[in-house]
Each structure stands twice: as C-alpha cells, then as structure tokens.
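Accompanying notes for the structure given below.
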Amino acid sequence: QVQLVESGGGLVQAGGSLRLSCVVSGRTFDNYSLAWFRQSPEKEREFISAISKNRDNTYYADSVKGRFTISRDNIKNTVFLQMNSLKPEDTAVYYCAGREGLASAKISEYASWGQGIHVTVSS
C-alpha cells in the first residue's frame, strides 16, 4: 500500500511563493510517475503538473506554466511543487498523486492519492 503525505500549504499573499512537498512511502519510489492536482469548491479537480519516473519529462497546465515548477528527489522519496507568483485563483486543496507508468494528466490514471493540503492566496 503506497502512502502519499503532502505538506507545505498555508496562507500567502498574492505574488508570494509556497513550496509543497509530498513524501511517498510503501513502494519503490523510482517506479512512480508523480503529479499534482488541485480542487477548489467551485471547480472539479484539475491537473496541475506531472513528472516522469526518471525526471526527464515534466508537464504543466497552461494556468501554471512559467509560475510553478515540479521536481523530485529520488533519494528522499519526495516530489515538490514550487509555486511562485501566486494568484487568488490558485486557492485550492492541492493533491499529490502517483502511478506506476508514464506521467499523465488524467485523474483516472492515478491509483494513489494524498489527503490533500490547503493553499490560500489572499488578494
């Protein structure tokens, strides 16, 4: 059973930065592609970013491209999401997700999920 635990969320002013972390345990981290999704009360869960197993490929939603950066540390079994130039519309619960296979933007292709962490961006 794989477990994913997010941390690093909180309240930040618009224009500020946060760094989310997600520690993965219970499976061989190197075999997992990892992604971040988010969900706000008014919207369905949406794809934010993904990174391949070997870190060679990263993917971003248009809404965060140029502001967010995904990375992973295969020694610490951790995936990160560096969020810069935050906007009020980035306010949401952010979820870390993992799958054994290629990185994907599709929610349905991820079997393992964290519990989510709140990010609030004030204007």
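The values are calculated or read from the model by the stated rules, or taken from the named source; none is laboratory data. Just so we're clear, the structure is a prediction, and the values are computed from it rather than from any experiment. Note: ideal-geometry Cβ built from the backbone for every residue, glycine included; neighbour counts use all protein chains shown. Remember, those area values only see protein heavy atoms, side chains included, never the ligands or the DNA or RNA. Shrake-Rupley method; radii C 1.70, N 1.55, O 1.52, S 1.80 Å.
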Accessible area (Å², per residue) of the chain, counting only protein heavy atoms and a probe of 1.4 Å: 52 Å²
Two-decimal Rg/Rh across the chain, once Rg and the Kirkwood Rh are taken from alpha-carbon atoms: 0.94
Leu11 accessible area, assembled protein chains, probe 1.4 Å, Å²: 130 Å²
Nearby aspartates and glutamates by direct alpha-carbon distance to Lys53 (threshold 16 angstrom, same-chain neighbours under 8 apart not counted): Asp30, Asp73, Glu100, Glu109
Sparse-neighbour loop sites [chymotrypsin sites (Phe, Trp or Tyr not before Pro); the stretch 64-123; at most 13 other C-beta within 10 Å; DSSP]: none
Ser25 paired with Ser52, simple spin-label distance in nm, labels 7 Å along Cα-to-beta-carbon: 3.0 nm
Nitroxide proxy distance, nm - points 7 Å out along Cα→Cβ at Gln82 and Asp62: 2.6 nm
Probe 1.4 Å, all protein chains present, accessible-area order of Ile48, Ile75, Ile107, largest first: Ile75, Ile107, Ile48
Shape parameters for the stretch 12-82, alpha-carbon atoms, Rg then Dmax in Å: 12.9, 37
At R0 = 41 Å, FRET efficiency that the Cβ-Cβ distance of Ser104 and Gln13 yields, to 0.05: 0.80
Relative contact order (%) - criterion: Cα under 8 Å, at least six apart; region: the chain: 36 percent
